[in-house]
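Chemist: Can you read through this structure? Questions will come right after.
The values are calculated or read from the model by the stated rules, or taken from the named source; none is laboratory data. Please read all numbers here as calculations on a predicted model, not as lab measurements. Reconstructed Cβ throughout: ideal geometry from the backbone, glycine too, with neighbour counts over all protein chains shown.
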Amino acid sequence: MTPLWRMAWRRLRADPVALAALAVVAGFIVLAVLSGLGLVAADWEREVALSHAPPSLLAGANAMPSQAPARGAALPANPWDPLADDMAALRSAATHAAEPDGGRKASLLFGADKWGHDILKKTIKGAQTSVAVGLAAAVLAVALGTVFGALSGYYGGWLDDAFNWFYSVFTAIPPILMILAVAAVLQQQGVATIVLILGLTGWTGPYRLMRAEYLQHKGRDYVLAAQAIGASDWRRMVHHIFPNASHVALVQLAILAVGFIKAEVILSFLGFGVPVGEVSWGSMLNEAQQELLLGKWWQLAAAGGAMVLLVTALSLLTDALRDALDPKGRW
């Protein structure tokens, strides 16, 4: 570990907020990995509860209206009432409707969706997709931006002009239109497609910053000294300049992961998200907008709360990394 990274880790450990954010992000990543391996939430598609079963905390309140007909059934029957038999049948039907169907539960910890899927397991499975999309797309975008920026900033000349023209074309088009254009070209659904859409449209920020870093470092004494002893261009770019610019790539990775997790929600809402049979936080929020009209808010709360928690933790961790890697920071 280089002195820069040792100093950054020391600064990061001194910040309790950064450590808490790091623990939250690590927890989500571990959950996503365990879900991908089938160790948790593997049976999220099982119909274990009644349709729209409420969370456990609301189960008692929701059960009260359905028990009212049963209390009425205990009253003395009126032999002169011609509707007495019909009312008794309706009370019996209401009582049976309140009981679990085929062993299904009437409530779950986080509630159930319209198919009776456990929302807690669904949220964990959705974390697998959303975290994978955010991190994989961010890695792709930062990798492209770093390579393009390194070539452009180090060599300059016509290669720099070509990359700058390419960069100008991408930044001249609004991001949402660029995302939709790439999605229309690929014409497929799936996690890999979402990663390609976001990665191929998100490289411009890392490119601009890495180009500036290579322009700045290629004329410094340590790079000129490496050139004087016969180091190749590749060695100077990879082994000398990149370690001193890698903190920029790391911060960009965290920033883009936040943006791409939110972008996946937009893509799922527009119909370019995960296909049928898979789940993500975006698809859960898309379902929740219809459930909200029926007063069933628990799927919205679970997916939205998980996304807010992860995005907030990533944002705090990004700020802490930026401060820890800043050589001018005061500690």
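Chemist: If you check V195 against the conditions, is it under 24 Å from the mean Cα position of the chain (by Cα), buried (at least 19 other Cβ atoms within 10 Å of the Cβ) and assigned by TED's automatic domain parsing to the domain that holds I261?
Modeler: yes
Chemist: Look through D118, D43, D113, D101 and report the one residue that is within 36 Å of the chain's Cα centre (by Cα), at pLDDT 85 or above, more than 17 Å from W298 (Cα to Cα) and among the acidic types (D, E).
Modeler: Checking each option against the conditions leaves just D43.
Yes or no, residue by residue, for (1) in contact (Cβ under 8 Å) with a residue 24 or more places away in the chain; (2) among the small types (G, A, S); (3) in a helix (DSSP H, G or I):
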| residue | (1), (2), (3) |
| --- | --- |
| A226 | no, yes, yes |
| A254 | yes, yes, yes |
| V258 | yes, no, yes |
| F272 | yes, no, no |
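Chemist: For K296, all conditions in the list (1) buried (at least 17 other Cβ atoms within 10 Å of the Cβ); (2) assigned to a helix (DSSP H, G or I) hold save one; what is the number of the exception?
Modeler: (2)
Chemist: State the number of residues belonging to segment 8-23 that are surrounded by fewer than 16 Cβ atoms within 10 Å (Cβ to Cβ) and either outside the structural domain of G134 (by TED's automatic domain parsing) or assigned to a helix (DSSP H, G or I) (or both).
Modeler: Within segment 8-23, residues that are surrounded by fewer than 16 Cβ atoms within 10 Å (Cβ to Cβ) and either outside the structural domain of G134 (by TED's automatic domain parsing) or assigned to a helix (DSSP H, G or I) (or both) number 8.
Chemist: Sticking with this one: Anything in segment 211-226 that is touching a helix residue (DSSP H, G or I) at 6+ places or on another chain (Cβ under 6 Å), at pLDDT 90 or above and farther than 9 Å from A245 by Cβ? List them, or say none.
Modeler: Hits for segment 211-226 are R211, L215.
Chemist: Which condition breaks for V279 when tested against (1) touching a helix residue (DSSP H, G or I) at 6+ places or on another chain (Cβ under 9 Å); (2) over 19 Å from Y155 (Cβ atoms); (3) of a type outside the set (F, W, Y); (4) assigned to a helix (DSSP H, G or I)?
Modeler: (4)
Chemist: Shifting gears a bit: If the requirement is being of a type in the set (G, A, S), under 14 Å from the mean Cα position of the chain (by Cα), surrounded by fewer than 18 Cβ atoms within 10 Å (Cβ to Cβ) and assigned by TED's automatic domain parsing to the domain that holds I119, which of these qualifies: S268, S280, S315, S246?
Modeler: Selected residue: S315, the only one of S268, S280, S315, S246 that is of a type in the set (G, A, S), under 14 Å from the mean Cα position of the chain (by Cα), surrounded by fewer than 18 Cβ atoms within 10 Å (Cβ to Cβ) and assigned by TED's automatic domain parsing to the domain that holds I119.
Chemist: Taking G199 as meeting all but one of (1) within 21 Å of A162 (Cβ to Cβ); (2) at pLDDT below 85, write down the number of the exception.
Modeler: (2)
Chemist: Now a separate question. Among the residues that make up segment 237-247, is at least one of them among the small types (G, A, S) and either assigned to a helix (DSSP H, G or I) or at pLDDT below 80 (or both)?
Modeler: Checking segment 237-247: at least one residue is among the small types (G, A, S) and either assigned to a helix (DSSP H, G or I) or at pLDDT below 80 (or both).
Chemist: Would you please list the contacts, defined by Cβ atoms under 8 Å and residues six or more apart or on different chains, that run from a residue in segment 301-313 that is more than 17 Å from V133 (Cα to Cα) to a residue that is at pLDDT below 90 and not aliphatic (A, V, I, L, M)?
Modeler: Cβ pairs passing all conditions: A302/F110; A302/G111.
Chemist: Among the listed residues S92, S56, S51, S66, identify the single one that is at pLDDT 60 or above, hydroxyl-bearing (S, T, Y) and farther than 21 Å from V279 by Cα.
Modeler: After applying the criteria, what remains is S56.
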